[in-house]
Structure formats: structure tokens, C-alpha cells
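Notes follow the structure.
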Amino acid sequence: MTEGMSSSRPYLIRAIYEWISDNELTPYLLVDTSVEGVEVPPAYVENNKIILNISQMAAQGLHLGNDSVSFSARFSGRPMSLEIPTRAVLAIYSKENGQGMMFAEEGGPPPDSPGGGDGGDDGDDGDDGGDTKPGGAKRPSLKVVK
């Protein structure tokens, strides 16, 4: 990041959210719950990650701010207020087709693609981020933004 410039992450989150919503798809957030300040229901956290539906139907009072994403949602019928610092957002993508954008984890390698439920390489030990598999076959991937 250039000195003096703010993070592009909150602007990209808002843009991708609008793009997904305009295409009448369901926007999902992948969140790193180990980041300080994340307030989400712990029962739904798996491996320090949670996937949240932030569509207009699911997220009440959604605020996509420069410092955080906040909204209220129901989990097993119980209302809860959520607060997610923007630095904890690892990806925003469409539930239906996985299209969207991934962000690098703070101080770590990029996360695996959240939309990769194709049963592909389940034994992935954290490859070097190449977008082609041996044999030239490409797998779906999201662009990493630092």
C-alpha cells in the first residue's frame, strides 16, 4: 500500500457487494474470526473462519463501512448483532457461482477459494497459489488483492 493511502479493501467490498446484488445473486463474506474485534456467533465458527450471508434478506441494517462491516442477523432463530473489522474479511463472493474477490490474510498467505466445492484436490497442503493444475487444467479462483 502506498504511504498515506487508505486500504482499498472496504471500497472493493462495497463494489463487489453491489455487483453481486445487482445480478440478483447472494453475497457471502468469508471472515477470519481470529482477528481482534470480530463479533460473530462462536457456534458457527470453523477453523477460525465463518461464512456469512449478507444479502438484503438475511442482513438487517447492513453497514459496509471503511473500518468495519456491521449488521444484525438471525442464527437458529435468535437475533444477533455482528461486527467485522474490514481487515478480517477474507473474501466476498456469490453463493451461486463463487464469483467475487479474495483478499490476503493479515500477515499470512492467501486463503483457499471459498467457492471450491467441486471435490477437487481435497488434500491441498497450501500450494503456491498457481491457477493451473498439473496437466494444464485450470481451477476456478478469485483474485487476491493486497
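The values are calculated or read from the model by the stated rules, or taken from the named source; none is laboratory data. What you are looking at is a predicted structure, and each value in this text was computed from that prediction instead of being measured. All Cβ positions, even for glycine, are placed from backbone atoms using ideal geometry, and neighbour counts span all protein chains on display.
A few comments on the model shown:
- Residue in the stretch 56-75 that is closer than 18 Å to residue 7 by Cα, crowded, with 20+ Cβ neighbours inside 10 Å and at pLDDT below 95 present: no
Let's see how each residue does on (1) over 19 Å from residue 99 (Cα atoms); (2) in a strand (DSSP E or B); (3) touching a His at 6+ places or on another chain (Cβ under 7 Å):
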| site | (1), (2), (3) |
| --- | --- |
| 5 | yes, no, no |
| 13 | no, no, no |
| 20 | no, no, no |
| 24 | no, no, no |
| 28 | no, yes, no |
| 34 | yes, no, no |
| 63 | yes, yes, no |
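- Any hit, the stretch 8-19, residues being over 15 Å from the mean Cα position of the chain (by Cα) and either of a type in the set (Ser, Thr, Tyr) or surrounded by fewer than 13 Cβ atoms within 10 Å (Cβ to Cβ) (or both): no
- When the stretch 21-58 is filtered for residues that are of a type in the set (Val, Ile, Thr), over 12 Å from residue 75 (Cβ atoms) and more than 13 Å from the chain's Cα centre (by Cα), the ones remaining, listed by number, are 35, 38.
- Output for the stretch 37-47, where each listed residue is acidic (Asp, Glu) and within 15 Å of residue 90 (Cβ to Cβ): 46
- Residue list for the stretch 20-35, restricted to those being closer than 20 Å to residue 88 by Cα, surrounded by 15 or more Cβ atoms within 10 Å (Cβ to Cβ) and free of Cβ contacts under 8 Å to residues at least 60 places away in the same chain: 31, 33
- Cβ separations smaller than 9 Å between residues 6+ apart or across chains give the following pairs from the stretch 37-53 residues that are loosely packed, with under 15 Cβ neighbours inside 10 Å to residues that are of a type in the set (Asp, Glu) and assigned to a strand (DSSP E or B): 37/83; 39/83; 48/32.
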